[in-house]
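All of the numbers you see were taken from the coordinates with simple rules; none came from a lab. Keep in mind it's a predicted model, so treat the numbers as computed, not measured. Cβ atoms come from the backbone with ideal geometry, glycine included; neighbour counts cover every protein chain shown.
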Ligand code: SF4
């Protein structure tokens, strides 16, 4: 695999170092494991309304984004730190940790709840790991394969209730640990990656990443370095569960185990929706599929959340349409793609569609979808052929590159 050189500064936005977009500063708030408390969500909502564009935006890595901020305004850093959402200034960009959102609630082989927080604390406690790129992604998969499908650099994936295996850029390593030891294994593997990465941003950019990382880890702990019988096909079947959420599939409504799932249209949460969410559950989980899981919602939550504008019905067309920021927020965009995507939702759509303002295709899902790239106001390339978004009947769903 060709190596992608890390030849420029890391531009991934955080809170301390926001991205300057056409509509103001954009701050990304990392939520390891997607977990956020009701009070913290309320603080983010108040900040968005007083200092941003009024909304909170969900990302494809289970994080939150605020847009339209004044880059000189000290309130975002102050408010988010006070809410416990900015525990480290040095490591904020690298706190990228996914965990199976329904783990311990329904489905899955193991319970990974709490492990993302342990991993996050360990990450922030190792100064050298601040050198990881903001694109580097950890994942703790409870065996159902949901977050393993999000292309993490390092993934611990359960193979049973009491054991799981380390994967590097999707490749098996044969290194197995109990769930409680998974965070330390992932952190050791990240340190090993930094020792061999050279100019590579991500493990997938590095030739033989799994073998090189395992060789370093094997030298320090003496464990077997490689499972020579493993293959990708068996890995992809491992841990399959009839109750599993399909990777990348938005799950809303009753999710089992008392949990409910909801989705904001185009991943954009209004102040009304945020306050209702914060008042409905003590803790929430933001998923990488721009939905939220409420593990222990108050009685009657779904009705109230529907009234607040959130999608709670599994057949709703909004679950099949996603879009990048587009114009006017992004200067590169050739169209107001979010307005076009909203129109698409109103018309109804059969296949998942991702609508973007340019060929960068930001935020594209890792699952089959129709690719709609703006070429001008109202004009799109639909899976590579000229077309109009008003007639969304493309025949060829595609995966992102
Ligand atoms: S896909 Fe293009 S237009 Fe959309 S947010 Fe990314 S850079 Fe901007």
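Secondary-structure-derived ellipticity at 222 nm for the chain, considering helices only, amounts to -7000 deg cm²/dmol, per-run term -39500 (n - 2.57) for DSSP H runs with n ≥ 4.
How much of the DSSP bridge set in segment 318-387 is antiparallel, in percent, rounded to the nearest 5? Taking every DSSP beta bridge with both residues in segment 318-387, the antiparallel ones total about 50 percent. Subtracting the Cα-Cα distance of residue 199 and residue 377 from their residue separation scaled by 0.36 nm leaves 60.2 nm. Between 45, 273, 180, the residue with the greatest mean-square fluctuation in the GNM of the chain (Cα pairs under 10 Å linked by springs) is 180. For the chain, relative contact order (Cα pairs under 8 Å, six or more residues apart, normalised by length) works out to 15 percent. Put simply, the convex hull of the Cα atoms in segment 318-387 casts, on average, a shadow of 4.2 nm². Fully extending the segment from residue 181 to residue 207 would add 6.7 nm, taking 0.36 nm per residue of separation and subtracting the current Cα-Cα distance. The chain has equivalent-ellipsoid semi-axes of 32, 24, 23 Å, by the square roots of 5 times the alpha carbon gyration tensor eigenvalues, sorted largest first. Counted over the chain, the DSSP beta bridges are approximately 75% antiparallel. Beta bridges assigned by DSSP with both partners in segment 1-145 are antiparallel in approximately 75 percent of cases. Using the alpha-carbon positions of segment 107-197, Rg (one decimal) and Dmax (whole number) come out as 12.2, 37 Å. Each of 156, 289 has some number of other Cβ atoms within 10 Å of its Cβ, and from fewest to most they run 289, 156.
Each listed q (0.15, 0.20 Å⁻¹) maps to a log10 I(q)/I(0) for segment 1-137, found by the Debye formula over equal Cα scatterers with no solvent: -0.77, -1.23. Spatially, segment 255-291 and segment 47-68 are offset by 14 Å when compared through their Cα centroids.
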